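Structure record follows, encoded as structure tokens.
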Ligand SMILES: Nc1nc2c(ncn2[C@@H]2O[C@H](COP(=O)(O)OP(=O)(O)OP(=O)(O)O)[C@@H](O)[C@H]2O)c(=O)[nH]1
Ligand SMILES: [Mg+2]
């Protein structure tokens, strides 16, 4: 087993000072938690990075069910992939928004492909460059065979922004299933977190492709990570052999 891989038994991740009692973590069975834990404790390898639309056409057809991590710049996409897989440096993270500038693919245990997307809404990248990332991400999200779910990440400190609504509408129109994941829960007071969760949940109404459960996470404390592993594990290919 790789160093740093998740080996602890699944917990709900909400410690004593974690989420308040009135919004319990989603109801996940112990079997699903254990299956998710085992999957994400498996090997995870960088496969390739795709930097522009021309390269998209060279992308091999999706042989595995695929999960994409999308959201505004700096929301914590790369950190979440690292937290899910229990590796600190698998996906490159940064304090500087715009760190992930291509679509990076990771093969998880030969059962699931994880795709780390560049963020949108990064004001400081040259306009043409940011537009290029956006087109790349959109082309990928609309047309990727094998894409089973998009984790659409929302910073729990800020909630859903106009650019997120645009992404949700685009995914609704393309009928691509997406799940809202609140990030950086450790940075928000429990009462504010509850309010953000409730507001986010209510904003899902009318969004036809959205998964009903809004998952609260912290890549810093591990809150909600076991539950997200369980939810995504249900989409993985069967273990071979
Ligand atoms: N406190 C806290 N900080 C976090 C969490 N997740 C990410 N961060 C921090 O937020 C910053 C951005 O994280 P990244 O994972 O690089 O964000 P990203 O969405 O991949 O960013 P781009 O690739 O630029 O779009 C880093 O400084 C992370 O350490 C979290 O759960 N809690
Ligand atoms: Mg990133």
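The values are calculated or read from the model by the stated rules, or taken from the named source; none is laboratory data. All values reported here derive from a predicted model rather than from experimental measurement. Every residue, glycine among them, receives a Cβ derived from its backbone with ideal geometry; neighbour counts consider all protein chains shown.
In segment 38-57, the residues that are under 10 Å from residue 107 (Cα atoms) reach residues that are part of a helix (DSSP H, G or I) with C-beta atoms within less than 8 angstrom, at least six apart or across chains, in these pairs: 44/85. The residues of segment 161-178 that are outside any helix (DSSP H, G or I) and either surrounded by 21 or more Cβ atoms within 10 Å (Cβ to Cβ) or within 16 Å of ligand 2 (Cβ to nearest atom) (or both) amount to a single one, 178. Does residue 157 count as assigned to a loop (DSSP other than H, G, I, E, B), surrounded by fewer than 18 Cβ atoms within 10 Å (Cβ to Cβ) and away from ligand 1 (no atom under 14 Å from the Cβ)? So residue 157 does not fit the description; no. Among the residues of segment 73-85, at least one is away from ligand 2 (no atom under 13 Å from the Cβ) and touching a strand residue (DSSP E or B) at 6+ places or on another chain (Cβ under 7 Å). If you go through segment 117-137 and keep only what is under 16 Å from the mean Cα position of the chain (by Cα) and either at pLDDT below 80 or farther than 15 Å from residue 80 by Cα (or both), you end up with 120, 137. Segment 1-116 holds helices (runs of 4 or more DSSP H) entirely within its bounds, and those carrying 2 or more residues that are more than 18 Å from residue 235 (Cβ to Cβ) and modelled with pLDDT under 90 map to 53-56.
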